[in-house]
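Only one structure is covered here, and it is reproduced in the block below.
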Amino acid sequence: MRGLEDSVAVITGGASGIGRASAKRLAAEGATVVVTDIDEKGGEETVAAIETDGGSADFHSLDVRDYEQFGTLLEATVDRYGGLNVVFNNAGIGEDASFSDTTPEHRDEMIDVNMKGVWNGCHAAYPLLAADGGGSIINTSSMAGWMPAPISTYAMTKAAVLHFTRSIAHELGRDGVRVNAICPGTIDTAMTQQWYSKEELSAMASRSALSRLGEPDEIASVVAFLASDDASYITGRGFKIDGGFV
Ligand code: NAD
């Protein structure tokens with residue numbers, strides 16, 4: 001894909017699932033990937049997998065809830081690699097509770113990671129990307145942010161990510177910074193295995209036109225496209241990647 005060779009990409013939540021698959025894909029396309037997560041072991045495993053495949057990557061511990069830490073990490077990335085081109089705000093946490101069963105504590109955790117984490121990443125990255133002549137931000141929303149979902153508090157945070165992404169696109173676009181959201185359907189990752197039973201996952205798979213769950217690699221390919229110059233006229237949009245979920 002055009003423009004990823006020799007680019008520099010930062011990924012949050014890169015220790016697992018969609019983040020790990022996207023880190024590997026961006027590295028395979030020639031990007032130097034800064035893998036970040038609160039899970040240091042998983043993050044180092046992602047880097048080791050990339051290096052085994054001949055790619056270039058580095059791991060840094062980053063809690064996306066911490067704005068100062070996020071800014072410091074991005075500035076250190078520019079200092080070390082001479083620029084910044086792509087930021088994938090992917091870290092997130094889920095739930096399996098109905099609205100009435102959701103506790104205020106878990107509500108706050110989801111708001112902090114899913115909403116504030118994305119805000120922090122966009123706000124800290126924008127001036128650095130702009131200073132480098134532009135770039136691409138990709139934020140992870142969800143199908144649950146697009147259509148009504150029983151996991152309503154998670155859905156609230158993901159709808160916020162989608163709407164926020166659309167809303168900042170005009171301001172960032174003036175400096176050549178594109179920002180898009182991805183809305184995955186049900187993807188076979190640690191998150192879905194943690195929150196749903198086999199029966200629930202099977203029921204969700206049957207709601208997709210392809211009658212199966214998605215694989216992290218199938219999200220990573222869209223992330224790589226949106227990160228690349230092949231998507232140079234795409235900004236302020238959300239993309240359903242859900243196997244035709246209804
Ligand atoms: P995952 O649990 O495999 O990966 C999430 C990663 O985020 C983990 O490595 C975790 O350590 C990290 N993380 C959690 N809190 C963090 C924090 N405060 N700071 C930094 N990192 C943190 O899950 P996944 O399925 O790969 O999910 C990735 C993203 O995709 C999430 O935003 C999730 O909401 C979204 N999503 C997933 C699905 C799905 O079906 N799996 C569907 C739609 C959207």
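The values are calculated or read from the model by the stated rules, or taken from the named source; none is laboratory data. As the structure is a computational prediction, the values presented were derived from the model and not from experiment. Counting neighbours? That spans all protein chains shown, and the Cβs are built from the backbone with ideal geometry, glycine included.
Output the qualifying pairs, or none if there are none: Cβ atoms under 9 angstrom, residues six or more apart or on different chains, first residue in the stretch 108-135 and more than 18 Å from Gly236 (Cα to Cα), second residue hydrophobic (A, V, I, L, M, F, W, C) and away from the ligand (no atom under 16 Å from the Cβ).
Leu128/Val78; Leu128/Leu84; Ala131/Val78; Ala131/Leu84; Asp132/Val8; Asp132/Val78; Asp132/Leu84
Scan the stretch 1-20 residue by residue and report those that are hydrophobic (A, V, I, L, M, F, W, C) and near the ligand (Cβ under 8 Å from one of its atoms).
Ala15, Ile18
So Glu44 ticks every box in (1) part of a loop (DSSP other than H, G, I, E, B); (2) of a type in the set (Asp, Glu); (3) more than 11 Å from the ligand (Cβ to nearest atom) but one. Which box is left unticked?
Unmet condition: (1).
So Ser141 clears everything in (1) hydroxyl-bearing (Ser, Thr, Tyr); (2) closer than 23 Å to Tyr233 by Cα; (3) more than 10 Å from the ligand (Cβ to nearest atom) except one condition, right? Which one?
Ser141 satisfies every listed condition except (3).
Confirm whether Ala28 is without any contact (Cβ under 8 Å) to a residue 60 or more places away in the chain and under 16 Å from Val222 (Cβ atoms). Don't jump to the end; show me each part of the working.
Numbers: without any contact (Cβ under 8 Å) to a residue 60 or more places away in the chain: yes; under 16 Å from Val222 (Cβ atoms): yes.
Against the criterion (without any contact (Cβ under 8 Å) to a residue 60 or more places away in the chain and under 16 Å from Val222 (Cβ atoms)), Ala28 qualifies.
Considering only residues that are farther than 25 Å from Phe59 by Cβ, touching a helix residue (DSSP H, G or I) at 6+ places or on another chain (Cβ under 8 Å) and either within 14 Å of the ligand (Cβ to nearest atom) or among the small types (Gly, Ala, Ser) (or both), which ones fall in the stretch 69-109?
Glu95, Asp96, Ala97, Ser98, His106
Which of (1) modelled with pLDDT of 95 or more; (2) over 22 Å from Asp37 (Cα atoms); (3) aliphatic (A, V, I, L, M) is the odd one out, the single condition Ala124 does not satisfy?
The failed condition is (2).
Taking Leu210 as meeting all but one of (1) outside any loop (DSSP other than H, G, I, E, B); (2) surrounded by fewer than 16 Cβ atoms within 10 Å (Cβ to Cβ), write down the number of the exception.
(1)
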